[in-house]
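First the structure, then my questions, so here it is.
The values are calculated or read from the model by the stated rules, or taken from the named source; none is laboratory data. In this text, all values refer to a predicted model and were calculated from it rather than measured experimentally. Neighbour counts are summed over all protein chains in view; Cβ atoms, including those assigned to glycine, are modelled from backbone coordinates with ideal geometry.
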Amino acid sequence: MAESTMNRNTYLSKNVGAFEDEIEIRGKRYRKVEDLRYGTNPHQPAAYYKPEGTTCTVGDMHVLKTGKSGLSQTNLEDISYALNIVKYFDKPACAVMKHVNPSGAAVQRGDETVCDVYKKARDCDARAAFGSVIAFNVEVDAQTATEIMNTFCECVVAPAFDKDALVIFNDGDKFKLNRQIRIIKCGDISAIPRYVGEASDVHNTLKVLADGSVVVAAPLLTNLKSVADLKPASAENKTLGTVVSTVKAKPGQIEDILAAWYINLSVRSNGVVIMKNGQTLSVGTGEQDRVGAVEQAVWKYNNKYQGDENIKDSVMASDGFFPFPDAVEVAAEAGVTAMISPPGSIKDADVIQRANDLGVALFHAPERCFSHH
């Protein structure tokens, strides 16, 4: 990202420039790409770096249109997590990110246009989408650009934009609300690892603790590569013996179960994703208890969802196991009829039995996908 594209203003931290042009992490050199507008908050100076000698999807992105000031750390994090969602889909997909959580995401079903997919992602929670970062895995066309420009957002990132779309994004006189929108062309999305075993050590995550200590961890990826990897839940205990999920998923639900799981990888734990026909109907995130995440998601659907879908016969992904049947009961009462979660609870058999009683198809994922970003 060329430095000339980044406008400075008085909101920029006065300490910008204090970061070295090159740093070393775990023996690998990193080159500074930009001094940022600020970190998470305006009083936190920040810069971002890319690994030396590599081509990066985010680190080598091009700002095609910049707003009145440059990017912040949160902008970059939203860009990264949004691309981390759409990377999983071969069909056109869109993720709308707000404060490093998806307010909505969607993937194409049938003959839907890219604009249709964007509206599905936005309308999961259109209120939260105000001031969001929007990511696509395909070229953005003029119809989609016009729809985006009619609601306020911070950034749009995609691998390509057609010429007519760029004209619309630059028409600040017509679309005054989005005059300062930032348009960013990312690198190859397929270069971002998706599945366990694809990442190198350059993708490891770093978490700096309060005293300066650092945790280095492998990136959060999944073993679920296709619908063929989805397995009905099974568990046993002394009271019930072996219990297997006997309810069959309805037509169309299998694709949604896998999609909801992929999206949930980028939801802050405790997190759940309710989905139907390629659209998130609600995202429950950041709760301290599992049933609370489900209750939050159901409330958000009832109070914030603006799309055409009904929650009846939707699916749900949970990033952790169900410690009790209560979360399954809350979701089923709302209309969810198929779910995926990892196993691990001492009450897994009880949960599966309750799901069978309620007519809910339950699948077990091969791993937990807590995200504590």
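All but one of (1) crowded, with 20+ Cβ neighbours inside 10 Å; (2) under 21 Å from the mean Cα position of the chain (by Cα); (3) part of a loop (DSSP other than H, G, I, E, B) hold for S371; state the number of the condition that does not hold.
(1)
Check the range 148-156 and report whether any residue there is buried (at least 22 other Cβ atoms within 10 Å of the Cβ), over 21 Å from Q306 (Cα atoms), out of contact with any Lys or Arg (no Cβ under 7 Å at 6 or more places or on another chain) and not acidic (D, E).
Yes - at least one qualifying residue is present in the range 148-156.
A follow-up question, please. For the subset of the range 168-208 comprising residues that are of a type in the set (V, I, T) and in contact (Cβ under 8 Å) with a residue 24 or more places away in the chain, which member is nearest to A129 (Cα to Cα)?
For the range 168-208, the residue satisfying everything is I181.
Further question on the same structure: Inside the range 222-260, can you point out the residues that are without any contact (Cβ under 8 Å) to a residue 60 or more places away in the chain, aliphatic (A, V, I, L, M) and farther than 17 Å from V273 by Cβ?
Selection gives A228 alone.
Also, I was wondering about something else. Looking only at the range 76-118, which residues are more than 17 Å from S371 (Cβ to Cβ) and assigned to a loop (DSSP other than H, G, I, E, B)?
Within the range 76-118, F89, D90, K91, P92, Q108, R109, G110, D111, E112, T113 qualify.
Related question: I'd like to know if the range 293-314 contains one or more residues that are part of a helix (DSSP H, G or I), more than 20 Å from N84 (Cβ to Cβ), aromatic (F, W, Y) and modelled with pLDDT of 95 or more.
Yes, some residue in the range 293-314 is part of a helix (DSSP H, G or I), more than 20 Å from N84 (Cβ to Cβ), aromatic (F, W, Y) and modelled with pLDDT of 95 or more.
Restricting to the range 148-163, and then to whatever is farther than 20 Å from I85 by Cβ and in a loop (DSSP other than H, G, I, E, B), can you tell me which residue is modelled with the highest pLDDT?
It comes out as D162.
Okay, moving on. Considering (1) under 23 Å from D21 (Cα atoms); (2) among the β-branched types (V, I, T); (3) at pLDDT 95 or above, say which one T54 fails and leave the rest.
Only one criterion in (1) under 23 Å from D21 (Cα atoms); (2) among the β-branched types (V, I, T); (3) at pLDDT 95 or above is unmet by T54, namely (3).
Okay, next question. Out of Q296, Q288, Q279, which single residue is surrounded by fewer than 19 Cβ atoms within 10 Å (Cβ to Cβ) and out of contact with any Pro (no Cβ under 7 Å at 6 or more places or on another chain)?
None of the other options fit; the residue is Q288.
Which residue out of L64, L83 is of a type in the set (A, V, I, L, M, F, W, C) and either more than 18 Å from V138 (Cα to Cα) or crowded, with 22+ Cβ neighbours inside 10 Å (or both)?
Answer to the check: L83.
S345 - would you say it is farther than 20 Å from A249 by Cβ and modelled with pLDDT under 95?
Judged against the criteria, S345 is not a match.
Which is within 18 Å of the chain's Cα centre (by Cα) and either assigned by TED's automatic domain parsing to the domain that holds P232 or surrounded by 24 or more Cβ atoms within 10 Å (Cβ to Cβ) (or both), of G359, G320, G307?
G320
Within the range 216-262, take every residue that is among the β-branched types (V, I, T) and at pLDDT below 95 and give me the one that is nearest to F370 (Cα to Cα).
Among those that are among the β-branched types (V, I, T) and at pLDDT below 95, it is V216.
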